[in-house]
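Since the structure comes first, as structure tokens, the remarks are kept for the end.
The values are calculated or read from the model by the stated rules, or taken from the named source; none is laboratory data. Worth saying up front: this structure is predicted, and the values here are computed from it rather than measured. Heads up, the Cβs are rebuilt from the backbone with ideal geometry, glycines too, and the neighbour counts pull from every protein chain shown. Side chains included, ligands, DNA and RNA excluded: accessible areas come from the protein's heavy atoms. Shrake-Rupley method; radii C 1.70, N 1.55, O 1.52, S 1.80 Å.
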Amino acid sequence: MPTKPARRPAKPKPPAALDPAADELADEAVYRRLGFVETDLSGRTAALAEFEQCRFRTANLSNTRLERASFTDCLLESSDLANLRTVKSSLHRALVRRPNDRAALGGRRLARGGDH
């Protein structure tokens, strides 16, 4: 029986205009239509944060821990994701890319369940 070709992932649907984001993360916060441009979020922690239609451009998320976070219709471009730790988090129509489409995900942990 022939197998079906793999379907391409759906592309993010970012908004045309974004409001600038602050250099902070909070538990149970909802971030909608924000531009995290050159934003330093390194070493932060947040639980149950929701990011909808956000763009991270040259943002620093190194050594950040996000628990049960969701990213929907988000773009993460040229951002530092080194040692970013996500636990029970999800990406929906999200795109991670660096210049030349090389993602910098060194040391990241995308744990599905529990604290792995």
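For residues that are at pLDDT 95 or above and of a type in the set (G, A, S), scanning just the stretch 63-89, find the one that is surrounded by the most Cβ atoms within 10 Å (Cβ to Cβ). Among those that are at pLDDT 95 or above and of a type in the set (G, A, S), it is A69. Taking the conditions (1) at pLDDT below 95; (2) in a strand (DSSP E or B) in turn, F36 satisfies each one other than (1).
With the structure loaded, tell me whether F51 is touching a Phe, Trp or Tyr at 6+ places or on another chain (Cβ under 8 Å), under 16 Å from V87 (Cα atoms) and buried (at least 21 other Cβ atoms within 10 Å of the Cβ) or whether it fails that test.
Working: touching a Phe, Trp or Tyr at 6+ places or on another chain (Cβ under 8 Å): yes; under 16 Å from V87 (Cα atoms): yes; buried (at least 21 other Cβ atoms within 10 Å of the Cβ): yes.
Yes; evaluated as a whole, the condition is true for this residue.
Mind listing just one residue for me: the one in the stretch 10-33 that is charged (D, E, K, R) and in a strand (DSSP E or B) and, of those, most open to solvent (accessible area, probe 1.4 Å)? It comes out as R32.
If you go through the stretch 2-9 one residue at a time, do you hit one that is in a loop (DSSP other than H, G, I, E, B), open to solvent by less than 70 Å² (accessible area, probe 1.4 Å) and touching a residue at least 12 places away in the same chain (Cβ under 8 Å)? Steps first, answer last, please.
Initial filter on the stretch 2-9 (in a loop (DSSP other than H, G, I, E, B)): 2-9.
Then keep just the ones that are open to solvent by less than 70 Å² (accessible area, probe 1.4 Å); that gives none.
Scanning the stretch 2-9, I find no residue that is in a loop (DSSP other than H, G, I, E, B), open to solvent by less than 70 Å² (accessible area, probe 1.4 Å) and touching a residue at least 12 places away in the same chain (Cβ under 8 Å), so the answer is no.
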